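Comments concern the structure below.
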Amino acid sequence: MPPPEVLSQAFELGFTYTRSTGPVVGRFLTELRDRKIVGIQGSDGRVIVPPMEYDPVTAEELSEFVEVGQQGEIVSFAWVKEPRDAHPFDQPFAWAMIKLDGADVAMIHCVSAAAESDITTGARVQAVWAEQTVGFITDIRCFELV
Amino acid sequence: MSQEREMITGIDVPIYLQYKFTAGTAPARFLSQVKKGVLTGQRCPGCGNVYCPPRGSCAACGLPTEEEVVLSDKATVQSFTIVAIPIPNNPIQPPYIIANLVPDGSNLSFIHLMSECVNEEVHIGQRVQALWKSEEEWDYAMDNIRYFKPIDEADVPVERIGHMPVTGWED
């Protein structure tokens with residue numbers, strides 16, 4: 001048999017998922033639309049952001065929403081040198097665990113910075129809102145160094 | 001919380017996975033033949049089974065399958081399902097039939113569409129033949145065959161499905 005041509009083509013597999021948010025994540029997203037960030041208070045007094053539906057210690061249902069600050073500190077981060085299509089930026093940026101003022105756990109989001117060397121753990125950051133908010137995590141466009 | 005706008009209760013979170021699919025030697029050879037309107041398989045030198053579409057090796061023996069075998073575009077229904085639920089972005093409107101079909105000369109089935117049939121009368125062992133697109137439209141693709149349709153031939157007994165010679169019932 002003669003050697004065949006190399007046949008190759010682009011192929012996209014798509015899953016058009018929709019998710020129900022439930023009352024707690026739904027409240028979090030609704031508050032984001034109003035440019036506010038809320039967490040929820042656990043039985044041990046910790047404020048958990050984003051809020052969770054059940055207490056991590058007692059498994060009781062949680063309902064005590066608490067608004068937290070729009071500034072916080074970087075707990076850890078990963079610098080993305082080569083962003084991919086699905087990433088929030090075309091230029092290099094950081095994924096970071098950010099502990100917001102008034103929160104007791106860190107939340108993941110992206111940090112826009114000019115260079116990796118600008119970012120350190122412990123650095124203060126501030127939420128930057130999207131021009132139009134729709135009730136989605138991307139309503140916080142990113143965090144920027146203060 | 002805002003009172004004038006409704007609470008968020010659901011979100012759209014689609015996932016799109018972008019692949020570059022490379023066919024590999026045996027499927028590329030197979031597709032080159034399909035582009036010419038010919039179905040081919042490859043025979044295992046160990047067990048003699050003919051695979052269509054070929055993967056380049058025998059799953060049972062682990063041997064490379066290098067002998068190309070020309071197959072018929074007549075086939076036998078090995079199994080089938082009636083699809084009743086629409087699939088997003090699929091232009092084919094249900095109900096329609098997806099079948100495992102064994103082409104004459106092959107021992108294993110591939111999946112294709114059946115049409116020009118009464119769905120409720122489709123059955124295992126039924127004889128079908130490929131309905132090809134017009135030659136100008138042939139590409140490196142199995143949908144050069146629009147679908148398989150029933151032909152007026154005797155059913156193949158279950159024990160002979162997957163053992164029909166390339167000449168079908170005519171031998």
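The values are calculated or read from the model by the stated rules, or taken from the named source; none is laboratory data. All of these numbers come straight from a predicted model, not from anything done at the bench. Cβ: placed from backbone, ideal geometry, glycine included. Neighbour counts: every protein chain shown. Ligands, DNA and RNA are excluded from the accessible area calculation, which covers all protein heavy atoms including side chains. Shrake-Rupley method; radii C 1.70, N 1.55, O 1.52, S 1.80 Å.
Matching residues to (1) within 14 Å of chain B (Cβ to nearest Cβ); (2) touching a Pro at 6+ places or on another chain (Cβ under 6 Å); (3) surrounded by 11 or more Cβ atoms within 10 Å (Cβ to Cβ); (4) closer than 17 Å to residue A:141 by Cα:
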site: A:21; (1), (2), (3), (4): yes, no, yes, no
site: A:28; (1), (2), (3), (4): yes, yes, yes, yes
site: A:45; (1), (2), (3), (4): no, no, no, no
site: A:50; (1), (2), (3), (4): yes, no, yes, yes
site: A:60; (1), (2), (3), (4): no, no, no, no
site: A:67; (1), (2), (3), (4): yes, no, yes, no
site: A:72; (1), (2), (3), (4): no, no, yes, yes
site: A:82; (1), (2), (3), (4): no, no, no, no
site: A:100; (1), (2), (3), (4): no, no, yes, yes
Strands (runs of 3 or more DSSP E) wholly inside segment A:25-136 containing at least 3 residues that are within 30 Å of residue B:17 (Cβ to Cβ): A:71-80, A:93-100, A:107-112
Pairs, please: C-beta under 8 Å, at least 6 apart or cross-chain, first residue closer than 19 Å to residue A:124 by Cα and in segment A:45-72, second open to solvent by less than 20 Å² (accessible area, probe 1.4 Å) and charged (D, E, K, R)? A:67/A:31
All but one of (1) among the β-branched types (Val, Ile, Thr); (2) in contact with a strand residue (DSSP E or B) (Cβ under 6 Å, 6 or more places away or on another chain); (3) open to solvent by 70 Å² or more (accessible area, probe 1.4 Å); (4) in contact (Cβ under 8 Å) with a residue 12 or more places away in the chain hold for residue B:25; which doesn't? (2)
Identify all residues within segment B:31-47 that are open to solvent by 10 Å² or more (accessible area, probe 1.4 Å), out of contact with any Asp or Glu (no Cβ under 7 Å at 6 or more places or on another chain) and either within 13 Å of chain A (Cβ to nearest Cβ) or not in a loop (DSSP other than H, G, I, E, B) (or both); write none if there are none. B:31, B:33, B:36
I'm checking my understanding of the structure. Among residues of segment B:52-77 that are surrounded by fewer than 19 Cβ atoms within 10 Å (Cβ to Cβ) and outside any loop (DSSP other than H, G, I, E, B), which one is nearest to the other protein chains (Cβ to nearest Cβ)? B:68
Run down B:11, B:15 and say which single residue is in contact with a Lys or Arg (Cβ under 6 Å, 6 or more places away or on another chain), under 30 Å from residue A:39 (Cβ atoms) and at the interface with chain A (Cβ under 9 Å from one of its Cβ atoms). B:11
Could you grab me the full set of residues in segment A:30-43 that are touching a residue at least 60 places away in the same chain (Cβ under 8 Å) and facing chain B (nearest Cβ under 8 Å)? A:30, A:33, A:34
Among the residues of segment B:88-101, how many are within 25 Å of residue B:46 (Cα to Cα) and open to solvent by less than 40 Å² (accessible area, probe 1.4 Å)? 1
Kindly indicate whether residue A:129 is under 13 Å from the mean Cα position of the chain (by Cα), surrounded by 14 or more Cβ atoms within 10 Å (Cβ to Cβ) and at negative phi. no
Determine whether residue A:7 is free of Cβ contacts under 8 Å to residues at least 24 places away in the same chain, open to solvent by less than 70 Å² (accessible area, probe 1.4 Å) and among the aliphatic types (A, V, I, L, M). yes
Condition check for residue A:15: within 30 Å of residue B:68 (Cα to Cα) and at the interface with chain B (Cβ under 8 Å from one of its Cβ atoms): no
Might you let me know whether segment B:102-115 holds any residue that is open to solvent by 10 Å² or more (accessible area, probe 1.4 Å), outside any loop (DSSP other than H, G, I, E, B), within 14 Å of chain A (Cβ to nearest Cβ) and not basic (Lys, Arg)? no
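Do you know which residues across segment B:117-171 are of a type in the set (Phe, Trp, Tyr) and open to solvent by 30 Å² or more (accessible area, probe 1.4 Å)?
Restricting attention to segment B:117-171, the residues satisfying the condition of being of a type in the set (Phe, Trp, Tyr) are B:132, B:138, B:140, B:147-148, B:169.
If the condition is that a residue be of a type in the set (Phe, Trp, Tyr) and open to solvent by 30 Å² or more (accessible area, probe 1.4 Å), then B:132, B:138, B:140, B:147, B:169 are the ones that fit.
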Only one residue in B:118, B:156 is without any contact (Cβ under 8 Å) to a residue 12 or more places away in the chain and on the phi < 0 side of the Ramachandran plot. Which one? B:118
Whether any residue in segment B:79-87 is under 12 Å from the mean Cα position of the chain (by Cα) and open to solvent by 60 Å² or more (accessible area, probe 1.4 Å) is what I want to check. yes
